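S.K.: One structure, pasted below without further comment.
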Amino acid sequence: MENNSNQGDNLFNLSIEGAARELLQTAATWARIIAIVGFISGGLSLIGLIFGSPQANAAVAASSTLISLPFIALGVIINVFLFKFATNILGSLANMSQVQFNEGINNLRTYFKIIGILIIIGLSLVVLIVMFYGLGRGLR
């Protein structure tokens, strides 16, 4: 039993060597790039929503806005966590700060939690759509 406790302590005393440091730096750099592209995409989507099709009537424009805004906001929120991960990891590698490293990893954990929840919701909706489509086809 005591051996498991020591293994847990050793896990938190890991040192980041040269190769792992470079891999973390590369991953954080790419995460930052992806987050920035996500922010730009959200901004362009918002601009497109604001200056949307002039041919659309007011009801269509309002419903489009109500549907699109939560998705744009969610995309920006997700990318905030990815950007914070990248910033904290790069900062922790430069300053050798364990606290900043832990914050970065926590932001990555939150990012993946949100992505996982969204995937589960999306797959559930696909299953429901397929089931209702099958029921609709069977009733004809």
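S.K.: Can you tell me which residue in the range 102-129 is surrounded by the most Cβ atoms within 10 Å (Cβ to Cβ), limited to those that are in contact (Cβ under 8 Å) with a residue 24 or more places away in the chain and either in contact with an Asp or Glu (Cβ under 7 Å, 6 or more places away or on another chain) or within 13 Å of Lys84 (Cβ to Cβ) (or both)?
M.R.: For the range 102-129, the residue satisfying everything is Gly104.
S.K.: Looking at this structure, is Ile34 in a helix (DSSP H, G or I), within 21 Å of Ser92 (Cβ to Cβ), modelled with pLDDT of 95 or more and β-branched (Val, Ile, Thr)? Walk me through how you get there before you give the answer.
M.R.: On the way: in a helix (DSSP H, G or I): yes; within 21 Å of Ser92 (Cβ to Cβ): yes; modelled with pLDDT of 95 or more: yes; β-branched (Val, Ile, Thr): yes.
Yes: the conditions hold for Ile34.
S.K.: Tally up the residues in the range 1-31 that are among the β-branched types (Val, Ile, Thr) and modelled with pLDDT under 90, please. I'd like the intermediate steps shown before the answer.
M.R.: Going residue by residue through the range 1-31, those that are among the β-branched types (Val, Ile, Thr) are 16, 26, 29.
Narrowing the set further to residues that are modelled with pLDDT under 90 leaves 16.
Selection size over the range 1-31: 1.
S.K.: Which is assigned to a helix (DSSP H, G or I), of a type outside the set (S, T, N, Q), at pLDDT 95 or above and within 9 Å of the chain's Cα centre (by Cα), of Ile120, Ile78?
M.R.: On the way: Ile120 fails: within 9 Å of the chain's Cα centre (by Cα).
The match here is Ile78.
S.K.: Among the residues of the range 48-65, are any buried (at least 16 other Cβ atoms within 10 Å of the Cβ) and at pLDDT 85 or above?
M.R.: Looking through the range 48-65, none of the residues is buried (at least 16 other Cβ atoms within 10 Å of the Cβ) and at pLDDT 85 or above.
The values are calculated or read from the model by the stated rules, or taken from the named source; none is laboratory data. A quick note: this is a predicted structure, and the numbers were derived from the prediction, not measured. Cβ atoms come from the backbone with ideal geometry, glycine included; neighbour counts cover every protein chain shown.
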